[in-house]
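First up is the structure itself, then whatever we jot down about it.
Every number here is computed from the coordinates shown, using simple stated rules; none is lab data. In this text, all values refer to a predicted model and were calculated from it rather than measured experimentally. Every residue, glycine among them, receives a Cβ derived from its backbone with ideal geometry; neighbour counts consider all protein chains shown.
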Amino acid sequence: MYFTGSLPDSFFLLSYFTLILGFGMILKTKTIYLQINPAHENFSDSTQRYQLHAGTSSIVEHPEEAYSILKDLTTHGVDGLSISRMHPGKLSKQYNLERISMLWLTKIGSDTAINPTYLEKIAYLVNKFVQKSENSVVVLTGVEYLMVHNGFDKVCKLLYALNRSIKISNSRLVVSVSPRAVNEEQWKDLVKEFTFLNKDSPRMRI
C-alpha cells in the first residue's frame, strides 16, 4: 500500500494528528489535577485514635494501617489524599471513603490514574495538594509497585521530596512499606527520614 497524497498534505495530516493527541493529553492531565481538591469525610462522633502532628512523615508496615489512619483523620476534620494501587472505587467501598481525593497507581487509562513511572508528577500533585489544604494527610501505599517500575533509589528520592513538602506544610505523610521488600541498608535509609510506627508507638492508639 502506497501513500498517494502530496508531501505538504502528509505534513499537514501529521501535524494535525500530533496536535489532537497533544491536546488530548493536556485535557487528561488537567482532569487528573482537577481531582486533587482538599476535602475531608463527614465528621465522626468517635474518639480520634491516631495522633500525628502536622509536618511529620511516618512509615507503617501494612497498607491496612495506613488506610486506618486515613479514615480516622479524615473523619476528624483533616483533608485526605490517597495514592494507592487499589482502585478508588474499591478503596472507597472498603473503607467507606466518599469525599477525599484518590489517585490510582496504574498504567490503565483513567481520570484518577497516574502512571507509576511518573514520579515527578506524583511529587507535583502532592505538593499542590498540601499547599491548597490548611490541614491534611497524604497516604501513599504501593511503594513496592513503584520500586518495581523505577528502582529503589528513584523511589527513595521521591519519598525524600515528599517529606520536604510535608515539613513546610500543615500536613502529614503516611507511607506503607514492608521491611521485607527492601534490604537492611535501604530500610535504614528510609527510617532515618521517617518515623516508623507500629502498634506499640505512642501515636498509634489502636
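The separation of the range 62-102 from the range 121-162, counted between C-alpha centres, amounts to 16 Å. With an a/c value under 1.5 for the gyration tensor axes a ≥ b ≥ c computed over the alpha-carbon atoms, the range 83-206 is described as rounded.
Partners of Lys154 within straight-line reach, counting aspartates and glutamates whose Cα lies under 14 Å from its Cα and excluding those fewer than 8 residues away in the same chain: Glu120, Glu144, Asp189. Straight-distance candidates among the lysines for linking to Lys192, with alpha-carbon spacing under 16 Å and chain neighbours fewer than 8 residues away dropped: Lys157, Lys167.
Taking packing as the residue-averaged number of other Cβ atoms within 10 angstrom, the listed peptides 44-51, 58-65, 78-85 run from highest to lowest as 78-85, 58-65, 44-51.
Under the classification rounded if a/c is under 1.5, otherwise prolate if a/b is larger than b/c and oblate if not, where does the range 41-93 fall, given a ≥ b ≥ c as square roots of the Cα gyration tensor eigenvalues? Please list the in-between numbers first.
Details: a/c = 1.76, a/b = 1.15, b/c = 1.53.
It is oblate, given that a/c is not under 1.5 and a/b is not larger than b/c.
First select every other residue whose beta carbon is under 13 angstrom from the beta carbon of Val148; then total the charges, Lys and Arg +1, Asp and Glu -1. Don't jump to the answer; show the numbers that get you there.
Details: positive: Arg85, Lys107, Lys154; negative: Glu144.
Local charge sum for Val148: +2.
Could you work out the percent of alpha carbon pairs in the range 51-155 separated by over 18 Å, rounded to a whole number? So the portion of pairs separated by more than 18 Å is 47 percent.
In the range 35-196, taking the dipole from charged Cβ atoms about the Cα centre, the farthest positive-side position among Tyr145, Asn42, Val174 is held by Tyr145.
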